[in-house]
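Working notes, beginning with the structure itself.
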Amino acid sequence: MSIRRPDLAPDPSLSRAEMESLQREIARSAVFTDDLGFDPALLGDPIARATADAPSDPDEAADSGDRTDGTTPLVAGVDQSFLLDQDRALSAIVVLRPAGSEWEVVERVHAVTPLEIPYIPGLLSFREGGAILAAVEELSADPDLYLFDGSGRIHFRQAGIATHIGVMLDAPSIGVAKNLLCGDPVDSTEGLAAGERVPIEANADVEGPDDIAGDETGCEGHDAADPDWPTIGYAVQSKQYDSPNRHVNPLLVSPGHRVSAATAADVVLAFAAGYKLPEPTRLADAYANDATKKHDS
DNA sequence: GCGACAG
DNA sequence: ATCTTGTCGC
């Protein structure tokens, strides 16, 4: 849980333009392909996990991406809540380890920090990032993967809160949002069955990580003449009702850092436990809420 | 000026 | 995100 890039800290005292250029730098440092350091299949498949838990050959285990200590990957869920006075944010982190067909809570930490700036769409990490980093400092575990409440690559500058913190920690990270910030679903996202997904592709609202420099033409980075919009995330149906009357909206999942969009969606589905939110984020949300109540009382 | 957007 | 009761539909 060491901070590898303190130079990229979400300083709330920066000007808006400085925040945005920092996000462009973060997007250039971000890796939107799989570089997890472990096999993500270990998260979803109890059988693959059981096999990996008792590797016949140590070298084989290393090749398959097993942790050096032979344990299964640690996955952290991160979520924020706000104190009653509205002046402070509370960030909660719950660390899970796959155990059998369920998960074991390895650690829970939280931190409270003052809120410096209001919520501005696109600049969420500058409002909540300080609290998250304070909570990360409290961790004694070293998670292999982080799930954040909010967007990652689905962001105007492809540097949402999951990307910002993931790059700072140089840890694999995923953004799990309940609403779409930008980008376009390639198909309707209504009436999806549990387990289904629809790609979200970039549009003109999303700057490309390449020519993010000085484009005054308004096409903001992508070649409007030859639109080759990349898939920046997925609408993921983590839960659905059977009857036609009641329905659940899909989650909007995107890579934070060192994860592809497809794997990010796979991971979220692997942590679906009958609730809309994946277990790490759901437990972090619950923990944040009752920690907030205790602080208020 | 209007649009328009995570938590 | 947060302030809030009941209420409709699983």
Could you check segment A:150-176 and list, in sequence order, the residues that are surrounded by fewer than 22 Cβ atoms within 10 Å (Cβ to Cβ) and within 12 Å of DNA strand B (Cβ to nearest atom)? A:F156
Filter segment A:240-266 down to the residues that are among the aliphatic types (A, V, I, L, M) and surrounded by fewer than 24 Cβ atoms within 10 Å (Cβ to Cβ), then identify the one that is farthest from DNA strand B (Cβ to nearest atom). A:A262
Note on segment A:1-46: residues among the polar types (S, T, N, Q) and within 30 Å of A:W103 (Cβ to Cβ) are A:S2, A:T33
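Tell me the residue from A:G208, A:G129 that is open to solvent by less than 10 Å² (accessible area, probe 1.4 Å) and modelled with pLDDT under 95, please.
A:G208
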Members of segment A:172-189 found to be away from DNA strand C (no atom under 16 Å from the Cβ) and within 11 Å of the chain's Cα centre (by Cα), listed by number: A:P172, A:S173, A:I174
From A:V109, A:V186, grab the single residue that is β-branched (V, I, T), in contact with a strand residue (DSSP E or B) (Cβ under 6 Å, 6 or more places away or on another chain), within 23 Å of A:A204 (Cβ to Cβ) and open to solvent by 10 Å² or more (accessible area, probe 1.4 Å). A:V186
Might you let me know whether segment A:74-87 holds any residue that is part of a loop (DSSP other than H, G, I, E, B), at pLDDT below 95 and away from DNA strand B (no atom under 16 Å from the Cβ)? no
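The values are calculated or read from the model by the stated rules, or taken from the named source; none is laboratory data. Because the structure is a prediction, the values reported are computed rather than measured. Note that we place each Cβ from the backbone using ideal geometry, even for glycine, and neighbour counts take in every protein chain shown. All accessible areas refer to the heavy atoms of the entire protein, side chains included, with ligands and DNA or RNA removed. Shrake-Rupley method; radii C 1.70, N 1.55, O 1.52, S 1.80 Å.
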